[in-house]
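Here's the structure, in structure tokens; my notes come after.
The values are calculated or read from the model by the stated rules, or taken from the named source; none is laboratory data. Since the model is a prediction, treat every value here as computed from it, not as a measurement. All Cβ positions, glycine included, derive from the backbone under ideal geometry; neighbour counts span all protein chains shown. We work out accessible area using only protein heavy atoms, side chains counted, and drop any ligands, DNA or RNA first. Shrake-Rupley method; radii C 1.70, N 1.55, O 1.52, S 1.80 Å.
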Amino acid sequence: MHRLLKRQLKRIYKSEDAFPAEMSEFVELVDNAYRQFDDAREMLDRSLRLSSQELMQRNSEMRVVFKTFPDSFVWINPQGTILDCKGGMDDVINLVSDALKGQKIFDLPMAGDPEIFGAAIKRAAESKEGTHLEYIALINDAQHNYEARFLPLVENILLVIFRNITERKRNEEVLIQSEKMLSVGGLAAGMAHEINNPLAAVLGNAQLMRKRLGDEMKKNRLVAKKCGIDLSGVVAYARERGLNQMLDAIIDSGRRAAAIVDNMLSFSRKSESEFAKLDLRKLLDKTVELARSGYDLKNNYDFKQIEVIREYEPNMPKVACEGSKLQQVFFNLLKNGAQAMAEYRSRPDVPDALSLFTLRLSHVGDMVRIEIEDNGPGMDDETRRRVFEPFFTTKGPGSGTGLGMSVSYFIITENHGGTMHVHSTPNRGTTFILELPVDGRPN
Amino acid sequence: MTSQPPVRVLIVDDEPFVVMSVMAILEDNDIAAEAVDSGEEALELVGSSEYDIVLVDLRLPSMQGDELIVRLHELRPNMKFAIHTGSTWFEPTDDLKKAGIKREHLLYKPVVDLVEIVRVVLDLAGRSGE
């Protein structure tokens, strides 16, 4: 007999055997019912155990997957108080749940501007679909691009998902830059051809005029005599009236225009020089010497007063490259950096300090890495993004064409199959990072 | 003063102002120069007159400069050629190389010092001493 039935019978009849005889069928029915109930419950228990085992297994599988997400997850209430969080794999800072519970999410460095962030939370809390935000956060003095998604979950709980998109943004910029380069290249080639002929006409004829207004050529004397005039008179007149200077001006301007067209054509002209295996340490040092020894009246910086620190890795492999073109790139970067530092330190609000270049050479696998770092004014985000753009310049008009940096970019990426990036923080300096394949990839 | 006959140059270029200055600099250096503005005319002229050097622009109204050079070379195997082009870059084909075109015979417009044209012409004519 089922123990529960026994207990009931004892309670009513003082003993489990003392029930009236006519009840025995009924008692048996009740006993069966109890047993069946037990069986059913056991089956339910068993299936529940199986289900929960499966659930736990799935749960731990999900956890493993969850752990590998690059994104960071933060659960907050509509006021921005952190309820829970889970740091991402790919993240710049590690979120530790216990340390952050109870703090405000806008206080996290990766939230960027607290006001903008707070406004986004409000918007998300009020809508059903949530919202998202792209912004820049300053973490440990470096700028990072972030994308935050705000998802309302249940009443008073929102999920904020942070994604560091600095790499993605950089790739997008490279793509845009390449497209710009390509379009400039196409324009440049087409235009150059059209311009070269009229330029040749201007330069050629002006030169001839100059020569024919002088007294060096016998033919000039002969023709003058034939016209019945004294050549020396013509020469004196030309000089007095400034004709020679004007012609020189035309010739000089024509040459400048030709140089600009030629410079622009760097984008489309195929390289003819050979690649040679060169020691980049020597090349870089040679370029620094060149920059030091050069004296240019137009320069308002003195390269000799800039300290140069070298961090060259030992055992650097020789790199297949076009020495003169690479020198052009190094020289361009050093010149720009020197100018920037000199101008920066001449400002009254900037503390007196030594201008400094740090040059680094290293290699990883089949790439070498060249870093040229200065401690100048650095660049703001917009300048940094546009620095390789053709004709973009922060200097005033007359200080160059703004092509130097874009030509350098082209030399590194197109001629050498390498990469070129810039890192910069305002007031903390700028670092140009070039990477070149050791075995070269001539175009 | 040389007793050799002047070098004779034929200029093939359809840019009249460029032709003006090239002819003038050649004349000033006692080089005889004539000019035509198409490949067809050049072929005609070469058929009936003698030239030492032909200075060809690649872009011409109908027959292009590179084809012209090959055909002129067939006509007169001893004639020499130079190219004066507004193109930004030019890689001589094998046919052109067979006609004698080398890198140093390529002049890119604008030639910043016209004397360079004279030098190339005299070089080709084997008269670099002048």
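Results, tabulated for the structure shown:
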| quantity | calculated |
| --- | --- |
| Principal-axis tilt of helix A:243-264 within chain A, Cα atoms, nearest 10 degrees | 30 |
| Where A:Glu22, A:Glu172, A:Glu54 fall by accessible area, highest first, once all protein chains stay in place (1.4 Å) | A:Glu22, A:Glu54, A:Glu172 |
| Table column - 3J(HN,Hα) (Hz), region A:201-217, Karplus curve with 6.51, -1.76, 1.60, x for Gly and Pro | 5, 5, 5, x, 5, 5, 4, 4, 4, 4, 5, 7, 8, x, 10, 6, 8 |
| Rounded to whole Hz, the Karplus (6.51, -1.76, 1.60) HN-Hα couplings of region B:77-92, x for glycine and proline | x, 8, 6, 9, 10, 9, 10, 10, 10, x, 5, 7, 7, 9, 10, x |
| Amide H contacts of A:Arg310 (H built 1.01 Å from N, under 5 Å, at least 5 apart or other chain) | A:Leu359 |
| Interface burial for B against A (accessible surface, 1.4 Å probe, total of both chains, Å², rounded to 100) | 2200 |
| Gap separating the Cα centres of region A:9-42 and region A:131-150, nearest whole Å | 72 |
| Under-5 Å amide H pairs with A:Gly376, H placed in peptide plane, nonlocal only | A:Gly429, A:Thr430 |
| Exposed-loop-free span, longest in chain A, where chymotrypsin sites (Phe, Trp or Tyr not before Pro) count as exposed if DSSP calls them loop and at most 16 other C-beta atoms lie within 10 Å | A:1-294 |
| Cross-link table A:Lys218/B:Lys80; A:Lys282/A:Lys318; A:Lys286/A:Lys318; A:Lys67/A:Lys128; A:Lys286/A:Lys325; A:Lys169/A:Lys325, entries beyond 19 Å C-alpha to C-alpha | A:Lys218/B:Lys80; A:Lys67/A:Lys128; A:Lys169/A:Lys325 |
| Which of B:His84, B:His73 is most accessible, then next, and so on - probe 1.4 Å | B:His73, B:His84 |
| Amide H within-cut-off set for A:Ile165, under 5 Å, with H built and near neighbours excluded | A:Asn145, A:Tyr146, A:Glu147 |
| Unit Cα scatterers, Debye sum, chain A: log10 I(q)/I(0) for q = 0.08, 0.10, 0.13 Å⁻¹ | -0.73, -0.96, -1.21 |
| Relative compactness, chain B, computed as alpha-carbon Rg over 2.2 N^0.38 Å | 0.96 |
| B:Thr85, A:Thr394, ranked by accessible area, largest first (probe 1.4 Å) | A:Thr394, B:Thr85 |
| Computed lengthening from A:Cys227 to A:Ala33, 0.36 nm per intervening residue step minus Cα-Cα distance | 55.7 nm |
